[in-house]
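> One structure coming up, written as structure tokens, with questions to follow.
The values are calculated or read from the model by the stated rules, or taken from the named source; none is laboratory data. This is a predicted model, so every value here is computed, not measured. Cβ sites come from the backbone with ideal geometry, for glycine too, and all protein chains shown count toward neighbours.
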Amino acid sequence: MKFQSEKNGYVQLLSPLDNPWLEHIGDGSFMIEQQELATVRYHNIPLMVLALRNNAYGGMKRDQIKNYNGRVFGTELFIPDLAKLAALYDAKGFSITRKDELKPVFQ
Ligand SMILES: Cc1ncc(C[n+]2csc(CCOP(=O)(O)OP(=O)(O)O)c2C)c(N)n1
């Protein structure tokens, strides 16, 4: 699957599935769209997802702290075990906390 950004900002599907894809995403955004893993599973799309975990809509939380006198509302999240969630969609899930754990997971 290849996507190419166009000058006017939209994204277009250029070719059928051919290469594995890596998506990197925040844990909050992942939770909003995680049901798309069902589509990925249904069509056997070769996708890897790297979800960065901070248990928050981090950018929004930062802006609340900075611009609203530290008043944080609705931006701290409960995020379940995403490796277990992956397993429910027949995907392999790994939880890592250190940089040196990354390479073995990709291999
Ligand atoms: C469907 C949808 N709903 C809401 C938003 C608004 N939105 C933009 S970024 C974001 C969350 C970002 O949190 P996270 O992905 O955890 O990244 P972080 O800021 O922590 O790095 C949200 C809810 C969106 N982009 N798309």
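> Check segment 40-54 and report whether any residue there is away from the ligand (no atom under 14 Å from the Cβ), assigned to a helix (DSSP H, G or I) and surrounded by 12 or more Cβ atoms within 10 Å (Cβ to Cβ).
There is at least one residue in segment 40-54 that is away from the ligand (no atom under 14 Å from the Cβ), assigned to a helix (DSSP H, G or I) and surrounded by 12 or more Cβ atoms within 10 Å (Cβ to Cβ).
> Have a look at ASN55, ASN8 and point out the one that is modelled with pLDDT of 95 or more and more than 15 Å from ALA86 (Cβ to Cβ).
ASN55
> If you don't mind, another one. Can you name every residue in segment 61-107 that is within 17 Å of the chain's Cα centre (by Cα), in a helix (DSSP H, G or I) and within 16 Å of the ligand (Cβ to nearest atom)?
Within segment 61-107, LEU82, LEU85 qualify.
> One residue is enough: does segment 61-74 have a residue meeting the conditions among the hydrophobic types (A, V, I, L, M, F, W, C), exposed (fewer than 11 other Cβ atoms within 10 Å of the Cβ) and at pLDDT 90 or above?
yes
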